[in-house]
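Every read-out reported here was derived from the displayed coordinates using simple, explicitly stated rules and does not represent laboratory data. Being a predicted model, the structure only gives us computed values, none of them experimental. Cβ coordinates were reconstructed from backbone atoms using ideal geometry, including for glycine residues, and neighbour counts include every protein chain displayed.
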């Protein structure tokens, strides 16, 4: 084997320019694939990290009627905070958020918004909610669930996108209207006390943040919330976790494409992206057999008598981001295939030419004692060494290029700010060992296969024919 390796290296270097052209093309394939994979990985990590910091935390409990993709559910998606979650709230490991629909009237215009109430003293999310605290009252004494006094001008904060759409700035006052729990419309003046900046659009665009106790009093929903966000690392109650597993399994059974689903209609409100469903839809589905591809032992789903709050972990909440990254990665496979086709085709042609031009040399090697299997291995090794040299060359010029790319990132156009995904002004790629090693193994494996395909014809070669320059 050592002799074959030395002979393969000598033959490869003797080919001169032809070898280095193949190596350069193959090294470009290495660098481009690693750069693209790192960019998509960085995009997913950036979006997931920002979403966890500003919206999802360590997971969320949803009111059974809450569906973020169906605005018709917002009006009824509120209820008393479960007593089992009170210890988490008292210890600061969770924070409740109340969501109602409203209308903003800036400068004679009107904008439909979602009014979100959050505890000014919370530190679960990175939202600067402390700006919503009353100036004459410390954060620690801000009430969480009890009725609070309503000031003449309610403090509110919005994001930069909302400020641009509404043409508002810090200190501006604007009329905000909503409908309370009894269905009565009411309106108050709010004052913008802070404008925060974040790449998470779901907490910015079309959102107005108020102090939770104030919003509960305005809406006539004391002690109620729509979602409860846990701090990263907080452990949800076990009984609720088991209940959430049952809901997840049941949702996967409904949305699985292999199962029939004939009762979709205006009353079912099935939303594949969330897995949430209305109570009427659940009653129509209770007789179906759950599809247990996600959980092996499903728990019973909630019923009308015990609706329960639905627990959504980070994996569920970040599913949209994971699917986006997977779709982008699959879409870029076209570029990978083109680059691999160009480089591997050059190596394949090189191997075919080697066999025809070196047939007498191969016959001499066979006559000197090399077996047909060793000859095939020699040519396959020569082709595979193209990938080895390409990996070395890619490391020489690719490492500084990719390092600079990882430091500076890729500046995104302003239009991407309205795409609905948490993308910052710059995408910073993340190059992991799995991406680099996986790319190297993939290209080397394909190169070995392409090198073996023309060389396998030599397994039937007779030394006498090879010495005469004849190939069957």
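Observations, loosely collected:
- Put simply, when 177-183, 73-79 are sorted by average Cβ atoms within 10 angstrom per residue, most first, you get 73-79, 177-183.
- Put simply, when 374-384, 329-339 are sorted by average Cβ atoms within 10 angstrom per residue, most first, you get 374-384, 329-339.
- Percentage, to the nearest whole number, of Cα pairs in region 60-230 over 24 Å apart: 29
- Centre-to-centre, using Cα atoms only, region 2-51 and region 312-363 are separated by 11 Å.
- Antiparallel %, DSSP beta bridges [both residues in region 60-230], to 5: 70
- Relative exposure of 51, 217, judged by other C-beta atoms within 10 Å (fewest first): 217, 51
- Scattering profile of region 156-202 at q = 0.32 Å⁻¹ [log10 I(q)/I(0), Debye over alpha-carbon scatterers]: -1.11
- Sequence of 91, 202, 27 once ranked by neighbouring C-beta atoms within 10 Å, starting from the fewest: 91, 202, 27
- Full extension of the chain segment joining residue 69 with residue 330 gains 91.4 nm, where the gain is 0.36 nm per residue of separation less the Cα-Cα distance.
- Computed from the C-beta positions of residue 345 and residue 399 and an R0 of 30 Å, the FRET efficiency is 0.65 to the nearest 0.05.
- Net lengthening on full extension, residue 352/residue 21 (0.36 nm per residue, minus Cα-Cα): 117.5 nm
- Shape call, region 67-130: gyration tensor on alpha carbons, a/c limit 1.5: oblate
- Once the Cα-Cα distance is subtracted from the 0.36 nm per residue extended length, the residue 105 to residue 76 segment shows a gain of 8.1 nm.
- Sorting 218-225, 193-200 by their mean Cβ neighbour count within 10 Å, with the most densely packed peptide first, gives 218-225, 193-200.
- Listed by Cβ neighbour count within 10 Å, with the fewest neighbours leading, 99, 441 appear as 441, 99.
- Projected label distance in nm at residue 160 and residue 392, using a 7 Å step from Cα toward the beta-carbon: 4.8
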